[in-house]
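The structure under discussion appears below in the form of structure tokens.
The values are calculated or read from the model by the stated rules, or taken from the named source; none is laboratory data. Being a predicted model, the structure only gives us computed values, none of them experimental. Glycine also receives a Cβ, built like all others from the backbone with ideal geometry; neighbour counts cover every protein chain displayed. Note: areas computed on protein heavy atoms with side chains; ligands, DNA, RNA excluded. Shrake-Rupley method; radii C 1.70, N 1.55, O 1.52, S 1.80 Å.
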Amino acid sequence: MTAQPPKAQPQKTSVVVADTGPLLCVGALGTNGFDLLRRRFVANGIDVIKPATVHSELYNRSVKNDALSLPALRAYKSSMLKVDNRQLNQSVRDVLRKQIEAEVIKRAQLQGRTVTPDPNANGGEIDAIMVAKHENSLLLCNERPARKVATGLGLTVVTFAHLLRAAMADGEIAAADVDQYLKHLPPATFDIGIKNPTSLTINSLPRIPDL
């Protein structure tokens, strides 16, 4: 009987590409947030990459002196976050922008609203999707329209809510601390990847995909 070659094991990811929103959430959580990223990814040999557009968005938020200015600046400067400066294809960018805008409009219609997508929005999500697709990596992104487009492209998407659940399950962050964090999170950045963050429990959070 001829010996069969061993089945190839699925290759574990060595990269996660981060969009702006989750990094702002990380910054707003302070030391716990950065420890969360470090333990979940960096300590396991997984590089956290932020595309140049995300890098710029974090910097621009930091100089506006809003409620997230200092945390955002810390995330912007964090040495554990690598910057991806590759030149990305503009035509692909345009296609992804249209797809995300279509999802924005669809969601608004389901809620009985009319919306005109901002043509200057979603730059971070678009570039993060492109880099994640190129790297065949995980995508760290909170915004639902961008997540819908990314999963349609075959990407595995992790939200900040995934990270919170994993940290709570591992005892790295107490549920009470998460509750206080959410109460102080500015409404403009309240999208952590779940529908009702104010009623957050460990069972309401999505499970993080196996890395």
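Structural remarks
- Any hit, the range 98-112, residues being surrounded by 13 or more Cβ atoms within 10 Å (Cβ to Cβ), under 13 Å from the mean Cα position of the chain (by Cα) and within 17 Å of Gly21 (Cα to Cα): no
- Scan of the range 90-131 for residues that are among the small types (Gly, Ala, Ser) and out of contact with any helix residue (DSSP H, G or I) (no Cβ under 7 Å at 6 or more places or on another chain), ordered by number: Ser91, Ala102, Ala108, Gly112, Ala121
- Residues of the range 12-29 satisfying the condition of being of a type in the set (Gly, Ala, Ser) and either modelled with pLDDT of 85 or more or out of contact with any helix residue (DSSP H, G or I) (no Cβ under 7 Å at 6 or more places or on another chain) (or both): Ser14, Ala18, Gly21
- Single residue of the range 110-134 satisfying the filter (in contact (Cβ under 8 Å) with a residue 24 or more places away in the chain and among the small types (Gly, Ala, Ser)) that is nearest to Asp94 (Cα to Cα): Gly123
- Qualifying residue in the range 68-77 (condition: open to solvent by less than 80 Å² (accessible area, probe 1.4 Å) and modelled with pLDDT of 70 or more): no
- Count of the range 123-139 residues, restricted to those that are open to solvent by 30 Å² or more (accessible area, probe 1.4 Å) and within 19 Å of Val83 (Cβ to Cβ), is 3.
- Within the range 140-165, considering residues that are open to solvent by 10 Å² or more (accessible area, probe 1.4 Å) and aliphatic (A, V, I, L, M), the one nearest to the chain's Cα centre (by Cα): Val157
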